[in-house]
Every structure is written in structure tokens, then in C-alpha cells.
Amino acid sequence: MQFYAGDYVRLDWGFSTPNIAGALISSIIVAVWVLPSVQRYLCWLALGASLILGGYLGLTFSRGAFLALLIGLVPVAMRARHSPRGFRVVTILGVGSLLAFYASIGATGRTEKGLTLEDKSASNRLLIYKEAPRMIWDNPGGWKKWNVADAYHNYYQPPEYSKRLRNLISMHFTWLAEWPLLISIGYLSAWGLVLTLFWPTPDAAWKAPILGSWLTLGIAGLFSHISRDTFLVWLPVSIVTIYGLVRVFLEGRSSWRRLWPACGWVPASFVAVFFLVIGIYTLVSDAKLVPVVVEGSMVYLGNGEQTDQPDITVIGKRDKLLGSDSGKIFRKWLLKYPAKTIAVGDLVSPLPRKLTVRQLICCGEAVDDWTTYFDTPEKSQYLETVVFLNPAKVDSTFLENLAKDVDVKVVFGQFYNDTALASWKKLMTERGQQVDVKPAGYYLEDGFSIALDAFQLEN
């Protein structure tokens, strides 16, 4: 797949996106500055390599990689040694030539659009950055790898936006939202540990390019999910692991004794500051958003105080039956009725035992878990109405444990499953009711509206 910036094809070096290529190029540009620490005059080789790679970086048109490079070069500049005569002049001329090249191909103009949020790519990222902290706060157990993008799309993305994503774009936010809290704390602590181990001291200036290279990948990871190409993750992790082993076996215990206090308080500070920022942001963020509470296997939308007695409970796989935007449909309804709560069985089934179900939407194959939850009439004593949408085939004893006063509505798409439809027609006839057959397949566009009517709730 090719990516374009104006009339130019963005350079990707064979990676899945040009942003990943930009991240790798930026980290190499910083890393080559370890050469002057070996021999002073190797700074000319480092400069030449940096200018050539800088030209390739411009062809990626990756704004995140440009910013990552600038930040990654900060430690290098802090520990720069005295350079040979004429080196600074050549550096200024080389950087000036690079900037002129960037301007000629439109890379600087694209960066300006990103800063002013005129570019959809930049504005979409800003939306994710605004909601990712709330996602982490709402679900300390983690949204899991393949649920995080769907959770953002259904429960956090503004309803007027329809763009679907494979992840949260930012590598860091994606991982922190996917993982349980303890793993996230370990991940943040690891970044603090890297900062401690590679902080450049006057007698170890060679650490500066390594720290800078790590920072480059870290900053690039804020703007792109660079771990999609695992080489960019395992390479720096391997470098740190090898370095740590070398220090243990060659430098002895004295080195670790000097570092030990910082190895504790620096990572702890990283974790504390991060979660403090998330907590403050979540508390002061837009109150108009539909609250999300995650408890065990259930996602509760709306008034989070009623998690044990939601107004509507939805179980089963909804993406194909109610549509991939079903979460947005629920939120739009809740924005009109903010005192209501909808419980969604998104993550695992069956339902939690403590949940009091009154109005239930049972989607598709979720009927397989029905007898696990409603195995006695007492457990359905609070159930008022249940709506089955395109349910699977059942036998005549399926509803035998259901309280007699429970209102049952069954809706089928006529092109979905003739065998299942026949079994339900027979079952509902025995109850003196009929199956509602719609001119549809598995996807029932008006499924939620049909359920609201059955619940006698306003649409």
C-alpha cells in the first residue's frame, strides 16, 4: 500500500507505514553520534550519515519522526565534546540545506498543517489522546488486545466520527489501554529504568546517543504504533538487556550500588506522574460524555451508579447483528436519557450472577449461555421483557425455566437461518405468540429500536 503527501509517494522502506520507517531513520540518526565518543574525528562520519539519512527522513513526510529526532538529539547536544575546526559551520550549512530540501518537497508545509490541526490525521490523533486516558481509567483490568480499538470506536469516539481504527494509533496508549494496571505500571517503570541506566554522565558521554535513540523511538511511539514491525521494539530492548548484563559482570556490584537508589525513585516517579495526570484529566474532562464503567465481564454505559440494576442489558455479539456502530447507537440514546444505564456483555459470557436483569436484549448465539444464567424461575423473577434478535436454534424446553409473566419477543431476518426460525416459530406458538420476521438477513438495522418498543421506552 502506498501513502501520498501531495504529489509525492511517501518513503516506507518496506515497513507497513512511512511513520515506522521515519521512526527507525530518526533513531539511527541519533545512534550514529556514538561514533565521536570512540574517536573525535569520527564526528565527520556521523555528520555525513546524519545528513544523508535526514534526506531520507524528509521523504517519509513523518511529522512524528521529525519531532522525535529533535527530542532525541537533546541528550547528544548536552554531552557534545569539542568539535574539530569548521565542524559547526559545515553542520549549519548541512542542516540549512536539509530544511531547504524539506521546503521544496512540501514537508514543512505538511508539518504546519499538523500544528494548526488542519490535517485530519492530526485532528484524529488529538481525539484519541483526549479519550485514551479515560479508557485507561475506566477499565483498570485492560481492554485486551483485540478489543481496544472497538471499545474506542463504540464507547469513546464522538458519534459524528465514523473512522474505524486497528489500534489507538499511539503505541503507548494502545498498550496501556490493552494491559491490566499492574503490567502498565511495569511498562512505565521500565521506561524510568532506561532513563536511569543511560543517563549520560561526564565520564560516560557515550550513553547520550543510546538514551537519545530510545527517546526517539519513545516519542515516535506517541504518534504511531511502531511495534507493528516488532524489529523496532526488540532491537532497543535487546540493547538494554545486553548492556545491563555487561554492567553486572564487568563493572561489579559497586556500580549497581550507586545506581540502586535512582533505579527505585525514577521509575516510581514516572508511574506516579502518569497516573496523576490521567486522574486529574479524567476528573476535569468533558462531563457531557456518556460515562463508562467496566466491572468484570460487563461494560456499563450511562449512570454508573446503577451497575447492578441496569435499565437495559445487552448480551451477545452485536457487531454484525446490530452493526459495528452499536455502541454509538446506545450512547446517542443515553445522551437523550442520561439517567438510564445500559449494560453490555462485551468481554466474556455468561452474565455476572449479581446482575439484576429487567429488560434484556439477547443477540444471536448468546442463547447458548441462557440456561447457564436463567436455570431456575427464581433467577428470572426480576426479568420483565426479553428480546431475542436472530437467535440460534433451540428445542422446546428452552424457556421452561422462565417465569410465566415475562414478555418474550423474537425477531428474525427472513434471510438469516430457516432452521432456527422454524424452531422458534414452534416454540412461540406453544406460548401463544408469534415470531416477528423482518425483510433482512443477520444484520437488523432497527434491532435496538425494536427492543425499545418492546420495553415501552421512548426511542
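Numbers for the structure displayed
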{"quantity": "One residue from Thr313, Thr341 being in contact with a Ser or Thr (Cβ under 8 Å, 6 or more places away or on another chain), crowded, with 17+ Cβ neighbours inside 10 Å and at pLDDT 85 or above", "calculated": "Thr341"}
{"quantity": "Counted residues, region 187-211 - those being surrounded by 18 or more Cβ atoms within 10 Å (Cβ to Cβ), among the aromatic types (Phe, Trp, Tyr) and closer than 14 Å to Trp33 by Cα", "calculated": "0"}
{"quantity": "Residues of region 160-176 classified as hydrophobic (A, V, I, L, M, F, W, C) and either part of a loop (DSSP other than H, G, I, E, B) or closer than 20 Å to Ser324 by Cα (or both), total", "calculated": "3"}
{"quantity": "So Gln433, is it at pLDDT below 90 and out of contact with any helix residue (DSSP H, G or I) (no Cβ under 6 Å at 6 or more places or on another chain)", "calculated": "yes"}
{"quantity": "Residue satisfying condition, being buried (at least 17 other Cβ atoms within 10 Å of the Cβ), of a type outside the set (D, E, K, R) and either modelled with pLDDT under 90 or part of a helix (DSSP H, G or I) (or both), within set Gly48, Gly109, Gly96, Gly54", "calculated": "Gly54"}
{"quantity": "Conditions (1) part of a helix (DSSP H, G or I); (2) under 27 Å from Leu235 (Cα atoms): number failed by Ala80", "calculated": "(1)"}
{"quantity": "Check on Ala151, aliphatic (A, V, I, L, M), under 22 Å from Leu232 (Cα atoms) and surrounded by 12 or more Cβ atoms within 10 Å (Cβ to Cβ)", "calculated": "no"}
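The values are calculated or read from the model by the stated rules, or taken from the named source; none is laboratory data. Quick caveat, the model's predicted, so the values are computed rather than measured. When we count neighbours, we look across all protein chains shown, and the Cβ atoms used for this are built from the backbone with ideal geometry, even at glycine.
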